[in-house]
Structures are given as C-alpha cells and as structure tokens.
1. Working only within segment 60-75, note down all residues that are within 19 Å of residue 95 (Cα to Cα), polar (S, T, N, Q) and assigned to a loop (DSSP other than H, G, I, E, B).
2. Quick check on segment 101-112. Is at least one of its residues charged (D, E, K, R), surrounded by fewer than 21 Cβ atoms within 10 Å (Cβ to Cβ), touching a Gly at 6+ places or on another chain (Cβ under 6 Å) and part of a helix (DSSP H, G or I)?
3. Take residue 86 and decide whether it is in contact (Cβ under 8 Å) with a residue 40 or more places away in the chain, of a type in the set (Gly, Ala, Ser) and buried (at least 24 other Cβ atoms within 10 Å of the Cβ).
4. With (1) modelled with pLDDT under 95; (2) of a type outside the set (Gly, Ala, Ser); (3) away from the ligand (no atom under 16 Å from the Cβ); (4) surrounded by 14 or more Cβ atoms within 10 Å (Cβ to Cβ) as the list, and residue 123 as the residue in question, which single condition is left unmet?
5. Inside segment 182-210, can you point out the residues that are within 13 Å of the ligand (Cβ to nearest atom) and within 30 Å of residue 124 (Cα to Cα)?
6. Run residue 101 past the list (1) more than 22 Å from residue 75 (Cβ to Cβ); (2) modelled with pLDDT of 95 or more; (3) of a type outside the set (D, E, K, R); (4) away from the ligand (no atom under 16 Å from the Cβ) and report the number of the one that doesn't hold.
7. In this structure, is residue 109 basic (Lys, Arg) and under 19 Å from residue 228 (Cα atoms)?
8. Could you please give the count of residues in segment 142-169 that are within 16 Å of the ligand (Cβ to nearest atom) and either exposed (fewer than 14 other Cβ atoms within 10 Å of the Cβ) or within 17 Å of the chain's Cα centre (by Cα) (or both)?
Amino acid sequence: MTGLKSPFLTVPRFAAVPGLVHGFGRGAWTESDFLAFAEGRGLKTVIMRQLHADAVHRLAAAPSRKLEGDALVTNVPGFLLVIRTADCLPVLLVDEPNRAVAAVHCGWRGTQERVLEKAVRAMGEAYGSRPEETLAALGPCIGAACYEVGPEVRSGHLRAGFPAAVFAVRGHAPGADASLQPPKYLLDLRAANAWLLETLGFVRANVFNAGPVCTHCEPRLLSYRRNRTDPRRMFNFIGLSS
Ligand SMILES: [Zn+2]
C-alpha cells in the first residue's frame, strides 16, 4: 500500500497485474488532478451519477450519455471506471484470467441491496469471471466506530441476509435509564462487504484493504459525516490500459 503522502492509495497485488491501472484518491487529489492523470495515460474516464442503489452498467463502448448507477464492469481496455466517495466504501475488482474489471459504490443502501454481489454476478455472466479467481480491493471508508445508523438500517441488512456481527451495538451509559436511551447501532461497511464477497466464493487472501483508515477520523480523506457542506468527493478508479 502506498502511503497517505501519495495522491492515491494502491494495492500491491493489483499493481502487479500487467496493464491494470487502479487507485483510491485522497482528499487533496482534485477532479482536475484526476482527469489529467487519466488523460496522461490515454484512458477515458467513466463517471456515473451515483444513486446509492444497485444498478450495474456493463461497458462495451463509450457511453453516449452520463450513466446513472453504482457499479461499472468492463473487459474493454482504455476506460477508467470511477467511483466517487466521501465515507462510502469503494470496491475495485479484477479478474486477471479474463481481463475484466469492476468499480462498485457501497454505501449502506447499496450494501443492503447487495450491489457488490450484483457486480460480481454481472462479471460472471458477461466475462465468465469466477469469484474464486477474482481479486477485490476495498478502499478507505467510514469506520464502524464513527458510523452510527438507525435500527431500520440494521433490520434491513438482517433481512437482506447480512450477519448481525457486521453491526456493533453501543449501549446506554452506565446508570442511565435504558428506555430513554435506546441502543445505537454502528455499521461496519467494510466487514459487511467482505462477508458478502466470502459468501460469493472469494478467497480471503484475494480480498485486500487499501488504507483501512476511517474517512471520518483521517483529515486527509473526505468525509460527508465530518463535513456535510463539502461537495468534494474522492476519486477511486480501475481500468485496463492494454
Ligand atoms: Zn472514525
């Protein structure tokens, strides 16, 4: 993993894949920095209007309009698939044998709707990708300790099949009246999506964490929960240059 001083984080195993370009941009890496980076490598960026839902786009050619959705898959070289985040979990996938990649936006809604599973299945249908041969990189996201969610988020995830262990419960203060202070639930986005990958057949050794720091705690990363008025987002990307 590159340090926080470089403009983006990378995963060594991904960096070892010939022709693969990938990274998780830091807060200071602006959109124009990112676009210049892509242009310098002759790659065409594909930036969606993200909806916090589960639509997966399979890219065979340059889109004629701005796509709406939360996951992109392709096996065509020359594109840089982009996910923009500030607290949500960006997940990058590469199927080295079949030369296919994916970029997935996993916030709590997308996680609950299993958008990552839908992207993995789309790669399987389109390119013959097999989970046990696919590599996954999980970028920086908000940590569980900073990610309080409502009870409806917890029940929604449990209904969707996620184990209760992906939530921590913060109880009431000692001596306080429990009826006045209902328990608080903390969602571990990283654990939830890592669990999903494992259930799909990913090998644990093929799932990597890039910068397992909390976006909310780390000032060099962007966090919607830390600064709701900051419109900037971090640029996370993957593509095949050849
Ligand atoms: Zn934190």
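The values are calculated or read from the model by the stated rules, or taken from the named source; none is laboratory data. All of these numbers come straight from a predicted model, not from anything done at the bench. Here the Cβ is made from the backbone with ideal geometry for all residues, glycine too, and neighbour counts use every protein chain on show.
1. Listed by number, the list holds a single entry, 75.
2. First pass over segment 101-112, keeping only residues charged (D, E, K, R): 109.
Keeping just the survivors that are surrounded by fewer than 21 Cβ atoms within 10 Å (Cβ to Cβ) gives 109.
Then keep just the ones that are touching a Gly at 6+ places or on another chain (Cβ under 6 Å); that gives none.
No: segment 101-112 contains no residue that is charged (D, E, K, R), surrounded by fewer than 21 Cβ atoms within 10 Å (Cβ to Cβ), touching a Gly at 6+ places or on another chain (Cβ under 6 Å) and part of a helix (DSSP H, G or I).
3. Details: in contact (Cβ under 8 Å) with a residue 40 or more places away in the chain: yes; of a type in the set (Gly, Ala, Ser): yes; buried (at least 24 other Cβ atoms within 10 Å of the Cβ): no.
Criteria not met by residue 86.
4. Among (1) modelled with pLDDT under 95; (2) of a type outside the set (Gly, Ala, Ser); (3) away from the ligand (no atom under 16 Å from the Cβ); (4) surrounded by 14 or more Cβ atoms within 10 Å (Cβ to Cβ), residue 123 violates only (1).
5. Within segment 182-210, the subset within 13 Å of the ligand (Cβ to nearest atom) is 186-190.
Result: 187, 188, 189, 190.
6. (1)
7. Values: basic (Lys, Arg): yes; under 19 Å from residue 228 (Cα atoms): yes.
In short, yes.
8. Number of matching residues: 5.
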